[in-house]
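The values are calculated or read from the model by the stated rules, or taken from the named source; none is laboratory data. The shown structure was predicted, so the numbers you read here are calculated from the model rather than taken from an experiment. Methodologically, a virtual Cβ is constructed for each residue, glycine included, from the backbone with ideal geometry; neighbour enumeration extends over all protein chains shown.
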Amino acid sequence: MTPADTPPPIPRAGTPRPGTPRPDRPPAAIAVVGLHGGRPYGPAAFEALARAGVVVGSPRHLEATVGLRAEASTVPLTGPLDAVIDRVEEASDAGQAVCVLASGDPGFFGIVRALGQRVGPSRLEVHPAPSSVALAFARIGEPWDDALIVSAHGRPLEHAVAAVRASDAPSVAVLTAPANPPEAVGRALIAAGLRSAGDVVVASHLGDARESVTRTDLAGLAAGAFDPMSVVILRHLHAARNPPSPAPGGPAVAGERLEGARLSWGLPESDFEHRDGMITKAEVRAVALGKLRLPPTGVMWDVGAGSGSVAVECAGLAPGLRVVAIERDPRQAARIRANAAAHRVGVEVVEGEAPGALAGLPDPDRVFVGGGGLGVLDEALRRLRPGGTVVATFALVERALGAAGRLGNLVQLSVSRGVATGELGLRLRAENPVFLAWGPA
């Protein structure tokens, strides 16, 4: 993607786009209507669709609702999502009633998140239909209150596999997509060393005339050809005794559930391929990981990632987190991929210089800034999701003080390591001091 093709980042909720005048009257609410079998679910959802002056949806959703809505302007939900949300916000700002159509529950891995980030949740009226996951479990008569739900729709497949490997849930449901169809999920799970002690179910077109529910096993899933827009249910997954090694250049996965596995962080530098000591030292990394307070899911950026040691450890500690490493040096980017593969974790690598390289990325919940200066820090704070955390390290006191003014917290880390001196014992060798800032306070 060229810079000219990169969509602009989503502004913070409540922040007008530059040059966009606000009308005197308040903006109209935006209805988000989930469809079940091509129809709204419940009287309020029907009413929201009927009164809309602007209807947004995929071509199949717009076609399915022709007889249920008035003569309204339609906006096909195709192309860059930011451009479609621009149209939605503009219509709402102009006082027009807008209805956005989606499948099932739009708050469940759906468009509610992107809309809420742009306009704020208070402007949304959400009318959900049963989610595809709820319908899939209903079709096989199984409860799903203890299931792990992951998505490979618009997300890297390796992150879904990593989350599955790290979970001990009795059931797992994976939402699939054309880029990651059910059979690709099956192959990736087998490559990650997973086996299933129960049936595998592929549920497709739930709620309409083309509905199908197929029972198979993990091998049959990997060898099959299924509708890409499906829900895959797997039961009683476990790690094989001798999991295969990842293929060179193939997806790296995380979350070993083998005997002897342990939770650890602040791994020694020798565990990572790096260039001439250009790596966040283990003790500094351990403190940084503590300050990040990693969530189980969401998006984490490692900006100026270098060897990727922070990104790799984050992906291992929180397999359900989408970890993106941004690095301008192609040789270092290759090291990140090698380190991720060696540690069997999922890390996306973006080659480019920040802050420009951040433009096309999803907004982060956590950011570690290991390089790039205060301009990168400012962009990270601008894009940070509510409640998020930024941690940054600096060698220069001037930059550290600037970061502390933005983030609110600062500590200097001075580490001295014991070095053998023959028969005399140990002496302490000081490492370069590092300033670590975190916040917002």
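On the given criteria, is Arg51 modelled with pLDDT of 90 or more, surrounded by 16 or more Cβ atoms within 10 Å (Cβ to Cβ), farther than 27 Å from Gly360 by Cα and of a type in the set (D, E, K, R)? Outline the logic, then answer.
Numbers: modelled with pLDDT of 90 or more: yes; surrounded by 16 or more Cβ atoms within 10 Å (Cβ to Cβ): no; farther than 27 Å from Gly360 by Cα: yes; of a type in the set (D, E, K, R): yes.
Against the criterion (modelled with pLDDT of 90 or more, surrounded by 16 or more Cβ atoms within 10 Å (Cβ to Cβ), farther than 27 Å from Gly360 by Cα and of a type in the set (D, E, K, R)), Arg51 does not qualify.
Looking at the stretch 318-353, which of its residues are more than 15 Å from the chain's Cα centre (by Cα), among the aliphatic types (A, V, I, L, M) and surrounded by fewer than 24 Cβ atoms within 10 Å (Cβ to Cβ)?
Ala333, Ala334, Ala338, Ala341, Ala342
How many residues does the stretch 269-308 contain that are among the charged types (D, E, K, R) and not in a helix (DSSP H, G or I)? It would help to see each step written out before you state the result.
Within the stretch 269-308, the first condition is being among the charged types (D, E, K, R), and the residues that meet it are 269, 271, 273, 275-276, 281, 283, 285, 291, 293, 302.
Retained after the next criterion (residues that are not in a helix (DSSP H, G or I)): 273, 275-276, 281, 293, 302.
Of the residues in that region, 6 qualify.
List pairs: first residue in the stretch 405-428 and at positive phi and loosely packed, with under 13 Cβ neighbours inside 10 Å, second residue modelled with pLDDT of 80 or more and not in a strand (DSSP E or B) anywhere in the structure, Cβ distance under 7 angstrom, at least six positions apart or on different chains.
Going by the 7 Å Cβ cut-off, the qualifying pairs are Gly408/Pro440.
Just need a number here: residues in the stretch 188-207 that are of a type outside the set (S, T, N, Q), modelled with pLDDT under 90 and in contact with a helix residue (DSSP H, G or I) (Cβ under 9 Å, 6 or more places away or on another chain). If you could, list the steps in order and put the result at the bottom.
Start the filter on the stretch 188-207 by keeping residues that are of a type outside the set (S, T, N, Q), which leaves 188-195, 197-203, 205-207.
With modelled with pLDDT under 90 added as a condition, the list becomes 188-195, 197-199, 207.
With in contact with a helix residue (DSSP H, G or I) (Cβ under 9 Å, 6 or more places away or on another chain) added as a condition, the list becomes 188-195, 207.
Matching residues across the stretch 188-207 total 9.
Considering only residues of the stretch 73-83 that are touching a residue at least 24 places away in the same chain (Cβ under 8 Å) and hydrophobic (A, V, I, L, M, F, W, C), which is surrounded by the fewest Cβ atoms within 10 Å (Cβ to Cβ)?
Let us first name the residues in the stretch 73-83 that are touching a residue at least 24 places away in the same chain (Cβ under 8 Å), namely 77, 80-83.
Remaining after also requiring hydrophobic (A, V, I, L, M, F, W, C): 77, 81, 83.
Values: Leu77: 20, Leu81: 16, Ala83: 12.
For the stretch 73-83, the residue satisfying everything is Ala83.
What's the number of the condition Arg155 fails, among (1) among the charged types (D, E, K, R); (2) over 20 Å from the mean Cα position of the chain (by Cα); (3) in the same structural domain as Phe226 (by TED's automatic domain parsing)?
So the condition that Arg155 fails would be (2).
Restricting to the stretch 78-113, what's the tally of residues that are at pLDDT below 90, under 20 Å from the mean Cα position of the chain (by Cα) and aliphatic (A, V, I, L, M)?
The total comes to 1.
Are there any pairs, at least 6 apart or on different chains, whose C-beta atoms fall under 6 Å, with the first in the stretch 189-204 and over 13 Å from Ile140 (Cα atoms) and the second hydrophobic (A, V, I, L, M, F, W, C) and surrounded by 18 or more Cβ atoms within 10 Å (Cβ to Cβ), and if so, which?
Ile190/Ala222; Ala192/Val161; Ala192/Val253; Leu194/Leu237; Ser196/Leu218; Ser196/Leu234; Ser196/Leu237
Given Gly356, Gly360, Gly371, Gly298, which one is farther than 26 Å from Gly154 by Cβ, out of contact with any helix residue (DSSP H, G or I) (no Cβ under 6 Å at 6 or more places or on another chain), touching a residue at least 60 places away in the same chain (Cβ under 8 Å) and not basic (Lys, Arg)?
Values: Gly356 fails: farther than 26 Å from Gly154 by Cβ; Gly360 fails: farther than 26 Å from Gly154 by Cβ; Gly298 fails: farther than 26 Å from Gly154 by Cβ.
Unique residue meeting the criteria: Gly371.
Might you check whether a residue that is of a type in the set (Lys, Arg) and part of a helix (DSSP H, G or I) occurs anywhere in the stretch 410-426? Step through it out loud before you land on a result.
Just the residues of the stretch 410-426 that are of a type in the set (Lys, Arg), to begin with: 417.
With part of a helix (DSSP H, G or I) added as a condition, the list becomes none.
Checking the stretch 410-426: not a single residue is of a type in the set (Lys, Arg) and part of a helix (DSSP H, G or I).
Are there any pairs with C-beta distances below 6 angstrom linking a residue in the stretch 55-68 that is in a helix (DSSP H, G or I) to a residue that is of a type in the set (Gly, Ala, Ser), with the two at least 6 apart or on different chains, and if so which?
So the pair list comes out as Ala64/Gly38.
What's the number of the condition Arg385 fails, among (1) touching a Gly at 6+ places or on another chain (Cβ under 9 Å); (2) crowded, with 19+ Cβ neighbours inside 10 Å?
It is condition (2) that Arg385 fails.
Give Ala152, Ala129, Ala136 a once-over and let me know the one that is crowded, with 20+ Cβ neighbours inside 10 Å, closer than 30 Å to Pro170 by Cβ and without any contact (Cβ under 8 Å) to a residue 40 or more places away in the chain. Spell out how you get there, then give the answer.
Numbers: Ala129 fails: without any contact (Cβ under 8 Å) to a residue 40 or more places away in the chain; Ala136 fails: without any contact (Cβ under 8 Å) to a residue 40 or more places away in the chain.
Matching residue, one of Ala152, Ala129, Ala136: Ala152.
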